[in-house]
Amino acid sequence: MLAYLIRRIGQALLVIAAMATIVFLSIYAVGNPVDILANPNADAKEMAEISARLGLDKPLWEQFGLFVWNALHGDLGRSFVFNEPALKLIIQRMPATLELAFVALIMSIVIGIPLGVWSGLKPDAWSSRAIMSGSILGFSLPNFWIGLMLILLFAVQLKWLPSGGRGPTTDVFGIPVSFLTWEGLRYLLLPAFTLALYKAALVVRLSRSGTREAVLQDYVRFARAKGLSPTRIVLVHVLKNIMIPVVTILGLELGSMIAFAVVTETVFAYPGMGKLLIDSIGRLDRPVIVAYLMMVVVIFVVINLIVDLLYAALDPRVRLQEAE
Amino acid sequence: MRKPVLSLHDLKVEFGTRQGVVKAVDGVSLDVHAGEVVGLVGESGSGKSVTGLAILGLIDPPGRIASGSINLDGQELIGLPDSELRRLRGPSMAMIFQDPMTTLNPVLRIDTQMIETIRAHENVSEKAARDRAEAALRRVGIPSPAERLLTYPHQLSGGMRQRVAIAIALLMNPKVLIADEPTTALDVTIQSQILAEVQQLCAEMGTSLIWITHDLAVVAGLADRIAVMYAGRVVEEGDVDPVLDDPRHPYTYGLLGSAPSRNRRGEKLAQIPGMTPSLANLPKGCAFAPRCVFAADDCKVASPGLTRDHTRTWRCFHPVHAREAAQ
């Protein structure tokens with residue numbers, strides 16, 4: 001177990017190093033931030049000053065060397081725009097995005113698993129056909145369009161929910177969260193649902209195919225021959241088996257929900273990391289973009305590790321050891 | 001005569017398929033008395049497993065029990081709602097299946113799978129159920145049962161897993177146990193151990209046993225009575241010795257001839273020509289006629305009815321002994 005963890009962490013560090021190099025070099029190739037940051041009336045001298053202050057006048061290899069050196073000391077650079085550490089900016093926005101992603105994750109499970117299991121148990125019922133058609137919509141409708149439609153319906157027409165922004169927050173261990181109050185939750189519902197819809201469609205399909213496969217297995221027949229109630233067979237025997245693929249996929253998807261909530265956050269003007277990224281790209285705020293992408297890599301690596309550990313907990317046949 | 005514990009009468013099970021309605025079980029009648037061991041023999045597709053599943057009410061769509069009667073201890077099972085049937089599965093009738101690798105749920109521990117069985121039928125404490133589960137494992141010859149309770153199925157060998165399945169099936173002291181080829185997937189040595197254990201346990205508990213198999217050798221040593229199935233029908237049924245020593249139906253005769261035997265070493269192994277007919281497209285008359293060396297014209301016209309003597313019944317116009325006597 002320990003050896004496994006050490007090996008995984010080693011792999012993770014390698015991925016992060018490779019990612020840092022690629023991200024830094026490719027961002028360097030895009031535009032000149034000085035053009036955007038400087039006053040349109042600035043002359044060449046002022047431009048050169050800004051360039052020198054931001055360290056952009058140094059040759060590429062020197063900039064990169066400095067970046068790596070600072071990164072090793074936990075400093076991913078200062079935002080050109082806010083003149084604050086990039087990492088700090090991201091971490092400030094992170095609770096909002098994490099909250100959004102987790103609420104979306106819970107929504108996709110709560111919506112997806114019951115619908116999927118139901119349509120797996122009764123594949124020919126009209127309700128199951130409706131669920132499956134619905135899941136195709138969930139897959140194929142673009143995220144931003146769904147967001148806009150939800151705003152039109154629930155915020156503009158019905159006026160039930162706010163159209164965007166983040167609700168009032170309360171501090172839990174110093175982290176501002178908004179899901180604890182109804183008022184805060186109201187702001188979360190629409191963006192979280194938008195983000196959850198695609199994942200829910202995925203969960204529906206996974207749990208449906210898992211259920212259809214499981215009910216044909218001998219262990220289900222044997223469970224019935226033992227006289228167990230259908231409820232117990234579905235909730236214990238079937239569900240525990242289909243949770244294995246569902247957890248794997250959802251874990252991986254959680255990473256992408258955190259990292260790429262960008263579109264949803266933009267549509268709902270939700271002040272999360274995604275919105276920060278879009279804004280930073282618009283302003284060519286290189287340190288923030290690099291820091292954001294580094295953060296995403298770390299999040300993905302950590303989530304993958306957690307999924308592997310969870311997988312072992314769910315499936316007793318998986319043991320986290322090297323093959324003997 | 002004693003009243004049978006389980007009595008099938010003219011049981012018909014059909015499956016709706018694209019090729020039409022398949023009569024997987026076509027008029028099976030069978031009596032099983034208390035403590036009796038009945039061997040249900042036939043090739044793949046003869047309807048023996050479906051018969052077993054029908055008794056437990058485990059036929060799923062597109063299959064259905066078309067007609068007939070299944071009487072268990074005086075109670076008619078056909079038409080009973082599933083909630084009532086569920087109460088009988090376990091305490092009145094139980095079933096074990098062919099492949100021990102897949103009968104146990106791979107993600108649940110043995111204790112979970114045993115305790116849930118008891119608690120589905122009786123309102124007992126977890127502790128009491130656990131003790132009974134442990135005793136049941138000990139009874140089927142599993143060493144250190146308390147530890148085995150805490151394992152997952154994949155940590156046990158095939159033979160162990162089948163023992164666990166048997167222990168689970170016998171947990172509620174069923175009146176009838178249906179064993180659907182439970183030893184086919186196991187090593188020969190394990191096979192005979194399990195065979196002997198099931199036989200002994202059933203005898204101790206007074207449980208009647210229906211042993212479904214394609215292996216006549218297994219039945220010969222185990223069963224009191226034997227029913228040979230072909231294409232959804234029982235073609236010969238009776239006490240085990242007369243049926244196996246002196247079969248009437250050409251199919252039974254052919255089956256016996258195709259089993260390797262020490263007494264006929266070196267001789268060419270007899271075969272039954274052809275293969276099991278498609279149930280969707282059965283020939284008119286006797287279903288076995290196209291493969292039968294004794295078949296005459298009348299076999300292809302009408303289906304033979306039951307003939308009986310004092311030890312058995314059979315369905316054949318030209319039973320084996322009659323033909324031999326004629327020669």
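The values are calculated or read from the model by the stated rules, or taken from the named source; none is laboratory data. Fair warning: this is a prediction, and the values are worked out from it, not measured in the lab. So basically every Cβ, Gly included, is an ideal-geometry build from the backbone, and we count neighbours across all protein chains shown.
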Members of segment A:272-310 found to be surrounded by 24 or more Cβ atoms within 10 Å (Cβ to Cβ) and among the hydrophobic types (A, V, I, L, M, F, W, C), listed by number
A:M273, A:L276, A:L277, A:V288, A:A291
Unmet criterion (only one of (1) of a type in the set (D, E, K, R); (2) away from chain B (no Cβ under 14 Å); (3) within 30 Å of B:D99 (Cβ to Cβ)) for A:K159
(3)
Find all pairs meeting these conditions: Cβ atoms under 6 angstrom apart; at least six residues apart or on different chains; first residue within segment A:247-263 and closer than 19 Å to A:P95 by Cβ; second residue at pLDDT below 80 and of a type in the set (K, R).
none
Mind listing just one residue for me: the one in segment B:75-102 that is small (G, A, S) and touching a residue at least 60 places away in the same chain (Cβ under 8 Å) and, of those, farthest from the other protein chains (Cβ to nearest Cβ)?
B:S92
Given the conditions (1) touching a residue at least 24 places away in the same chain (Cβ under 8 Å); (2) within 12 Å of another protein chain (Cβ to nearest Cβ), which single one is not true for B:V38?
(2)
Can we say B:D26 is modelled with pLDDT under 90, in contact with a helix residue (DSSP H, G or I) (Cβ under 9 Å, 6 or more places away or on another chain), surrounded by fewer than 19 Cβ atoms within 10 Å (Cβ to Cβ) and of a type outside the set (F, W, Y)?
no
Evaluate segment B:148-159: report whether one residue or more is within 14 Å of chain A (Cβ to nearest Cβ) and closer than 29 Å to B:D73 by Cβ.
no
Selected residue (criterion: surrounded by the fewest Cβ atoms within 10 Å (Cβ to Cβ)) from residues of segment B:137-160 that are in a loop (DSSP other than H, G, I, E, B) and hydrophobic (A, V, I, L, M, F, W, C):
B:L150
Within segment A:186-208, track down each residue that is under 19 Å from A:P95 (Cβ atoms) and either more than 19 Å from the chain's Cα centre (by Cα) or not assigned by TED's automatic domain parsing to the domain that holds A:L158 (or both).
A:R186
List every residue pair whose Cβ atoms lie under 9 Å apart, where the two residues are 6 or more positions apart in sequence or sit on different chains, the first residue falls within segment B:293-320 and is closer than 19 Å to B:L255 by Cβ, and the second residue, located anywhere, is among the hydroxyl-bearing types (S, T, Y) and in a loop (DSSP other than H, G, I, E, B).
B:R315/B:S303
Go through the residues of segment A:64-76 one by one and say whether even a single one is farther than 16 Å from A:L293 by Cα and among the charged types (D, E, K, R).
no
Test A:L228 against the stated conditions and say whether it is out of contact with any helix residue (DSSP H, G or I) (no Cβ under 8 Å at 6 or more places or on another chain) and either within 14 Å of another protein chain (Cβ to nearest Cβ) or under 30 Å from B:G52 (Cβ atoms) (or both).
no
Within segment A:1-60, which residues are within 19 Å of A:R286 (Cβ to Cβ), within 32 Å of the chain's Cα centre (by Cα) and not aliphatic (A, V, I, L, M)?
A:T21, A:F24, A:S26, A:Y28, A:G31, A:N32, A:P33
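Taking the condition of being β-branched (V, I, T), free of Cβ contacts under 8 Å to residues at least 12 places away in the same chain and in a loop (DSSP other than H, G, I, E, B), how many residues in segment A:58-94 meet it?
Residues flagged as β-branched (V, I, T), free of Cβ contacts under 8 Å to residues at least 12 places away in the same chain and in a loop (DSSP other than H, G, I, E, B) within segment A:58-94 amount to 0.
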Test of understanding: among A:A225, A:A214, A:A259, A:A269, which residue is in contact with a strand residue (DSSP E or B) (Cβ under 7 Å, 6 or more places away or on another chain), hydrophobic (A, V, I, L, M, F, W, C) and either over 19 Å from A:V81 (Cα atoms) or not assigned by TED's automatic domain parsing to the domain that holds A:S119 (or both)?
A:A225
Need pairs with beta-carbon distance below 7 Å; first residue of a type outside the set (V, I, T) and within segment B:126-146, second surrounded by fewer than 18 Cβ atoms within 10 Å (Cβ to Cβ); sequence gap 6+ or separate chains.
B:A129/B:R119; B:E134/B:A146; B:G141/B:E197; B:P145/B:R138
If only one of A:V236, A:V247, A:V220 is among the aliphatic types (A, V, I, L, M), within 11 Å of another protein chain (Cβ to nearest Cβ) and touching a Leu at 6+ places or on another chain (Cβ under 8 Å), which one is it?
A:V236
Within segment A:284-293, is there a residue that is at the interface with chain B (Cβ under 10 Å from one of its Cβ atoms), touching a residue at least 24 places away in the same chain (Cβ under 8 Å) and basic (K, R)?
no
With respect to A:F154, is the statement that it is in contact with a Phe, Trp or Tyr (Cβ under 7 Å, 6 or more places away or on another chain), hydrophobic (A, V, I, L, M, F, W, C), within 14 Å of chain B (Cβ to nearest Cβ) and surrounded by 16 or more Cβ atoms within 10 Å (Cβ to Cβ) true?
no
Here are the criteria: (1) touching a Phe, Trp or Tyr at 6+ places or on another chain (Cβ under 9 Å); (2) polar (S, T, N, Q); (3) under 22 Å from A:K275 (Cα atoms); (4) exposed (fewer than 13 other Cβ atoms within 10 Å of the Cβ). Tell me which single one A:S127 does not satisfy.
(3)
Number of the condition not met by B:P62 [criteria: (1) touching a Ser or Thr at 6+ places or on another chain (Cβ under 8 Å); (2) under 25 Å from B:Q199 (Cα atoms)]
(2)
Could you please find all residues in segment A:105-127 being of a type in the set (S, T, Y) and free of Cβ contacts under 8 Å to residues at least 60 places away in the same chain?
A:S127
Candidates B:G79, B:G74, B:G158 - the one that is among the small types (G, A, S) and in contact with a helix residue (DSSP H, G or I) (Cβ under 8 Å, 6 or more places away or on another chain)
B:G158
Of all strands (runs of 3 or more DSSP E) completely enclosed by segment B:173-283, which ones contain at least 3 residues that are out of contact with any helix residue (DSSP H, G or I) (no Cβ under 7 Å at 6 or more places or on another chain)?
B:233-239
If only one of B:N71, B:N105, B:N123 is polar (S, T, N, Q), touching a His at 6+ places or on another chain (Cβ under 8 Å) and more than 13 Å from chain A (Cβ to nearest Cβ), which one is it?
B:N71
If you scan segment A:294-324, which residues turn out to be within 14 Å of another protein chain (Cβ to nearest Cβ) and in a helix (DSSP H, G or I)?
A:L310, A:Y311, A:A312, A:A313, A:L314
